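Engineer: Can you keep this structure in mind? I'll have questions shortly.
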Amino acid sequence: METAATAAPAAVIVAIDGPSGTGKSSTSKAVAAQLGLSYLDTGAQYRAITWWMVHNGIDLTDPSAIAAVAGKPEIVSGTDPAAPTITVDGTDVAGPIRTTDVTSKVSAVSAVPEVRALITELQRTIARSAEKGIVVEGRDIGTTVLPDADLKIFLTASPEARAARRSGELKGADIKATQEALIKRDAADSSRKTSPLAKADDAVEVDTTELTLQQVIECVVTLVEEKRAAK
Ligand SMILES: Nc1ncnc2c1ncn2[C@@H]1O[C@H](COP(=O)(O)OP(=O)(O)OP(=O)(O)O)[C@@H](O)[C@H]1O
Ligand SMILES: Nc1ccn([C@@H]2O[C@H](COP(=O)(O)O)[C@@H](O)[C@H]2O)c(=O)n1
């Protein structure tokens, strides 16, 4: 029989939301890896369906055209934080979903209610099947996808810090243009009718502007461990 001393930690569900470039993916992957949890990048799923729409010539200015085909692609997410994967109909799209073309179009696709309904159901199924628990990152995880998550974090950072971080990733990128693109995408994601980017009332807000990535990871790991201990 398992005693309290030998029992495995209870499964824990962690929701991490926030605007673009605040460190959600880097933090979530590291926290999940450190604590032996699964990891789900929900932005990658919206990017994957957008990639499929572009690839199939769907008119992205027409929400009804997007809605009509939203159920066609099969999107599969691998949830190992050390090697997360994303495929569409069996094709690895981890690279193609990060192009500026997909990035500039994803908000139009993710705003369509039929797309959100399908992807939200997929996300809930993945979260339910994570035996040891999961860190799920996105824009509406704490508010809509997993409102009963054990811990909700909302990451923020100044637009200047976020643009500098992104420009560091994209060699030769212009910081001002990067900042404008981030602000534009956040505005679209925050103003859509269905499940906009928003902080849940019970989320812990962490401003990462002046923190190193390692400090953010340590902060979130501590919060998760506190929740686990209290379960
Ligand atoms: N606290 C931090 N200090 C410095 N750099 C950071 C910090 N957090 C993340 N970064 C860096 O910023 C970049 C963006 O981080 P990340 O991709 O994790 O953000 P994100 O919130 O997931 O963005 P998006 O929503 O656009 O996918 C990465 O290069 C990452 O290494
Ligand atoms: N829960 C979510 C997650 C993402 N989106 C949309 O996907 C876009 C890409 O997200 P990244 O995290 O990969 O940058 C994002 O701009 C949103 O349009 C979403 O709607 N809900």
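The values are calculated or read from the model by the stated rules, or taken from the named source; none is laboratory data. If you're wondering where the values come from, they're calculated on a predicted model, not measured in any experiment. Every residue, glycine as well, gets a Cβ built from its backbone with ideal geometry; the counts of neighbours run over all protein chains shown. Heads up: the accessible areas ignore ligands, DNA and RNA and are worked out on the full protein's heavy atoms, side chains in. Shrake-Rupley method; radii C 1.70, N 1.55, O 1.52, S 1.80 Å.
Engineer: Given the options Ala198, Ala177, Ala187, name the one that is within 11 Å of ligand 2 (Cβ to nearest atom), without any contact (Cβ under 8 Å) to a residue 40 or more places away in the chain and small (Gly, Ala, Ser). Steps first, answer last, please.
Structural biologist: Values: Ala198 fails: without any contact (Cβ under 8 Å) to a residue 40 or more places away in the chain; Ala177 fails: within 11 Å of ligand 2 (Cβ to nearest atom).
Going through Ala198, Ala177, Ala187 in turn, just one is within 11 Å of ligand 2 (Cβ to nearest atom), without any contact (Cβ under 8 Å) to a residue 40 or more places away in the chain and small (Gly, Ala, Ser): Ala187.
Engineer: Would you mention how many residues in the range 199-231 are of a type in the set (Ser, Thr, Tyr) and either in a strand (DSSP E or B) or surrounded by 12 or more Cβ atoms within 10 Å (Cβ to Cβ) (or both)? First the steps, then the outcome.
Structural biologist: Looking only at the range 199-231, we keep the residues that are of a type in the set (Ser, Thr, Tyr), and these are 208-209, 212, 222.
Filter once more, keeping what is either in a strand (DSSP E or B) or surrounded by 12 or more Cβ atoms within 10 Å (Cβ to Cβ) (or both): 208-209.
Total meeting the criteria: 2.
Engineer: For the range 134-146, which residues satisfy the criterion of being within 18 Å of Ala48 (Cα to Cα) and either assigned to a loop (DSSP other than H, G, I, E, B) or more than 10 Å from ligand 2 (Cβ to nearest atom) (or both)?
Structural biologist: Once the filter is applied, which keeps residues that are within 18 Å of Ala48 (Cα to Cα) and either assigned to a loop (DSSP other than H, G, I, E, B) or more than 10 Å from ligand 2 (Cβ to nearest atom) (or both), the range 134-146 yields Arg139, Asp140.
Engineer: Go through (1) within 12 Å of ligand 2 (Cβ to nearest atom); (2) open to solvent by 50 Å² or more (accessible area, probe 1.4 Å); (3) part of a loop (DSSP other than H, G, I, E, B) one by one and return the number of the condition Glu131 breaks.
Structural biologist: Tallying (1) within 12 Å of ligand 2 (Cβ to nearest atom); (2) open to solvent by 50 Å² or more (accessible area, probe 1.4 Å); (3) part of a loop (DSSP other than H, G, I, E, B), Glu131 fails exactly one: (1).
Engineer: If you check Leu118 against the conditions, is it assigned to a helix (DSSP H, G or I), in contact with a strand residue (DSSP E or B) (Cβ under 7 Å, 6 or more places away or on another chain) and surrounded by 15 or more Cβ atoms within 10 Å (Cβ to Cβ)?
Structural biologist: For Leu118, the condition - assigned to a helix (DSSP H, G or I), in contact with a strand residue (DSSP E or B) (Cβ under 7 Å, 6 or more places away or on another chain) and surrounded by 15 or more Cβ atoms within 10 Å (Cβ to Cβ) - is not met.
Engineer: I've got another one for you. Taking only the range 44-62 into account, find how many residues are open to solvent by 20 Å² or more (accessible area, probe 1.4 Å), in contact with a helix residue (DSSP H, G or I) (Cβ under 8 Å, 6 or more places away or on another chain), more than 16 Å from ligand 1 (Cβ to nearest atom) and not β-branched (Val, Ile, Thr). Even if it seems obvious, please write down each step before you answer.
Structural biologist: Restricting attention to the range 44-62, the residues satisfying the condition of being open to solvent by 20 Å² or more (accessible area, probe 1.4 Å) are 47, 51-52, 54-62.
From what's left, in contact with a helix residue (DSSP H, G or I) (Cβ under 8 Å, 6 or more places away or on another chain): 47, 51, 54, 56, 58-61.
Narrowing further to those that are more than 16 Å from ligand 1 (Cβ to nearest atom): 54, 56, 58-61.
So of that shortlist, the ones also not β-branched (Val, Ile, Thr) come out as 56, 59-60.
Total satisfying the criteria: 3.
Residue by residue, here is whether (1) near ligand 1 (Cβ under 10 Å from one of its atoms); (2) modelled with pLDDT under 95 holds:
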site	(1), (2)
Leu146	no, no
Asp150	no, no
Phe154	no, no
Ser158	no, no
Glu169	yes, yes
Asp174	no, yes
Lys184	no, no
Ser191	no, no
Ala200	no, no
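Engineer: Ok, one more. Within the range 14-52, restricting attention to residues that are away from ligand 2 (no atom under 13 Å from the Cβ) and in a helix (DSSP H, G or I), which residue is farthest from Gly133 (Cα to Cα)?
Structural biologist: Applying the filter and picking the extreme gives Trp52.
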